[in-house]
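The values are calculated or read from the model by the stated rules, or taken from the named source; none is laboratory data. Source: prediction; values computed, not measured. All Cβ positions, even for glycine, are placed from backbone atoms using ideal geometry, and neighbour counts span all protein chains on display.
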Amino acid sequence: MLTTNRFAALLLAFFLAAPVYSQGISGARQVCDSGTAAGFDCSNVDLIAWMDRSQLTTVSFGVDPFGNPIQPFFGINDMWGWEHDESGRSFLIVGRTDGTSFVEVTDPYNPVFLGELPSSSLNSQGQPRSAVWRDMKVYADHAYIVADSSPGHGVQVFDLTQLLTVSDPQVFSMTNHYTLISSAHNIVINEDTGFAYVVGAGGAGETCGAGLHMINLADPANPAFEGCYAEFGTSRGGGGYTHDAQCVVYNGPDEEWEEKEICVNSNERSVVITDVTDKQAPSTISIGQYPATEYTHQGWLTEDHRYYFQGDELDEARNAVGNTRTIVWDLQDLDDPIVVAEFLAERDAIDHNMYVRGHLLFQSQYVDGLRILDVSDPANPVEVGFFDTHLSNNSVWDGSWSNYPFMKDNMVAVTSDPEGLFILQPASSLVTAIETAESLPSSVALLDVYPNPFVTESLVEINMNRTESVRIELVDMLGRSLRVLFDGTLAAGETLRQYVPGDNLAAGLYVVRVQGETFETTRRILKSQ
């Protein structure tokens, strides 16, 4: 039997050994300076906000003897995002082992937890069953959520417009429940065609050989089963299991498949490219193999559909490769995909989900957090920035599981277990090319506004292709001029950097309007508290 003093000593030892969490960080940018931001290692990436797990649930777990919030017993996994077109408001959908959290990030400096949707898979006590992996995607203002190893979970359909009227955090209910699958590892959605693809389905229901379970989302609140596809012999044990996929309307260099809907599938032992244009008769285009295969996990296409970056989740853990490996496929001929490069990082962390935006690859690498690779030359990636979200080294499977780099103003959301949800912003020098030359007037070589959002001041940077008289002003959302920032002549090749002062500006959205002799263009800018 433990004495009172002995129990107190053990309790104290437990808290001293466990990671100490503040209750997140919000309200102001934490600049990456000399390799750190708010205690996190970083390079070329600033911390905008951080919500720990205690801020992502309606349940309070109290505080420890040192006043720190006691962290909940759920873990954090995948995530996605949603923007409401009419209002411009932005939200994140955060997967937990026991359900899903919804967070508004319209002001990313001050994220707001709106509520949670419990898992629809229940244990024998009627409580949400824990699922290590939960996945979600969005189409037509609806979220579609699946969970792995969760009997009866199906696909949760959730009308995201409910979030627009939330005043206090609440526990939500599903809008609808698609039950033709039992549980599944992942869900993929092609927003251009309105089709969802459940992958890795198991248990009861129509498992489609654990390949692509195809769902028609023409009526977003009422999904309808459309068909199955599986390429047997491409996964472990000879099955057709698909772990993850990306499905697009193909607009790459292979003219044979132009405008066809294809899926690039990660099938544990192979990369399988599939034509899913006809849901009643999907067909395999090709099967790609690569060296030192351990577990073909996930990948993402470049925006021109020429290259595909792919990760193998177990090659590092099983010492099949020395360092963290990213495999680069050339898909110039979809019938014959070729590995053209293997990028090896300087570390040996396990890589997980990765996504491409513009010329940058955003990769979650478990204990090493978010890593950013410049893939302007796809066959020769270069790491240009990182933010290590992980505070301890208890397990190689802890840390960043996923990220969402498709937010406004080049912000990136990152989930990390057990740390929580991070909002990050890469240095403007890394992301300038995300706004391509086609989005700029021909006379303008560069136009950037950063940081954005800002608290005290921002900076307008402009470079001209030819000499013109230019006027730059700050206007409100009604188009009323608030301040002239510059009015003069800019010579060809000259770079102007002009500050946007935040004094006397209320928090909210504004517009930087740039007018020249031959053009007019604008950039939205958010003033935070």
Taking the stated definitions as given, is ALA210 among the hydrophobic types (A, V, I, L, M, F, W, C) and crowded, with 22+ Cβ neighbours inside 10 Å? yes
So which of LEU92, LEU114 is under 21 Å from LEU47 (Cα atoms) and of a type in the set (A, V, I, L, M)? LEU92
Scan the range 130-147 residue by residue and report those that are out of contact with any strand residue (DSSP E or B) (no Cβ under 6 Å at 6 or more places or on another chain) and either of a type in the set (D, E, K, R) or over 20 Å from MET407 (Cβ atoms) (or both). SER130, VAL132, ASP141
Hey, can you tell me all the residues within the range 359-378 that are crowded, with 18+ Cβ neighbours inside 10 Å and either outside any strand (DSSP E or B) or among the polar types (S, T, N, Q) (or both)? HIS359, GLN363, SER364, GLN365, VAL367, ASP368, GLY369, VAL375, PRO378
From the list ILE327, ILE423, exactly one residue is free of Cβ contacts under 8 Å to residues at least 60 places away in the same chain and surrounded by 23 or more Cβ atoms within 10 Å (Cβ to Cβ). Which is it? ILE327
What is the number of the single condition among (1) part of a strand (DSSP E or B); (2) surrounded by fewer than 19 Cβ atoms within 10 Å (Cβ to Cβ) that GLY493 does not meet? (1)
Where in the range 230-293 are there strands (runs of 3 or more DSSP E), lying wholly inside it, with at least 2 residues that are crowded, with 20+ Cβ neighbours inside 10 Å, touching a residue at least 12 places away in the same chain (Cβ under 8 Å) and hydrophobic (A, V, I, L, M, F, W, C)? 244-249, 261-266, 271-275
Residue match in the range 334-347 (condition: of a type in the set (Gly, Ala, Ser), buried (at least 18 other Cβ atoms within 10 Å of the Cβ), part of a loop (DSSP other than H, G, I, E, B) and at pLDDT below 95): yes
Suppose we keep only residues that are touching a residue at least 60 places away in the same chain (Cβ under 8 Å) and part of a strand (DSSP E or B) within the range 379-411. Which one would you say is farthest from PHE91 (Cα to Cα)? VAL384
Which condition breaks for SER150 when tested against (1) closer than 16 Å to GLY99 by Cα; (2) touching a residue at least 40 places away in the same chain (Cβ under 8 Å); (3) hydroxyl-bearing (Ser, Thr, Tyr)? (2)
Of all the residues that make up the range 193-215, how many are aliphatic (A, V, I, L, M) and assigned to a loop (DSSP other than H, G, I, E, B)? 1
Considering each residue of the range 1-54, count those that are in a loop (DSSP other than H, G, I, E, B) and either over 18 Å from LEU430 (Cα atoms) or modelled with pLDDT under 50 (or both), and give that number. 16
Considering ASP85, ASP98, ASP78, ASP107, which residue is of a type in the set (D, E, K, R) and either without any contact (Cβ under 8 Å) to a residue 24 or more places away in the chain or surrounded by fewer than 20 Cβ atoms within 10 Å (Cβ to Cβ) (or both)? ASP85
Which members of the range 294-322 meet the condition of being under 24 Å from ARG236 (Cβ atoms) and part of a loop (DSSP other than H, G, I, E, B)? GLU294, TYR295, GLU313, LEU314, ASP315, GLU316, ALA317, ARG318, ASN319, ALA320, VAL321, GLY322
Any residue in the range 186-202 that's more than 16 Å from TRP80 (Cα to Cα): show its pairings with residues that are at pLDDT below 95 at Cβ separation under 7 Å, as long as the two are six or more apart or on different chains. none
When restricted to ALA143, ALA131, the only residue over 25 Å from GLU191 (Cα atoms) and either among the charged types (D, E, K, R) or surrounded by 19 or more Cβ atoms within 10 Å (Cβ to Cβ) (or both) is ALA131
Which residues, taken from the range 472-487, are out of contact with any strand residue (DSSP E or B) (no Cβ under 7 Å at 6 or more places or on another chain) and either small (Gly, Ala, Ser) or not in a loop (DSSP other than H, G, I, E, B) (or both)? GLY479
Positions within the range 107-141 being over 17 Å from the mean Cα position of the chain (by Cα), assigned to a strand (DSSP E or B) and of a type outside the set (Phe, Trp, Tyr), in sequence order: VAL112, LEU114, GLY115, GLU116, LEU117, PRO118, LEU122, PRO128
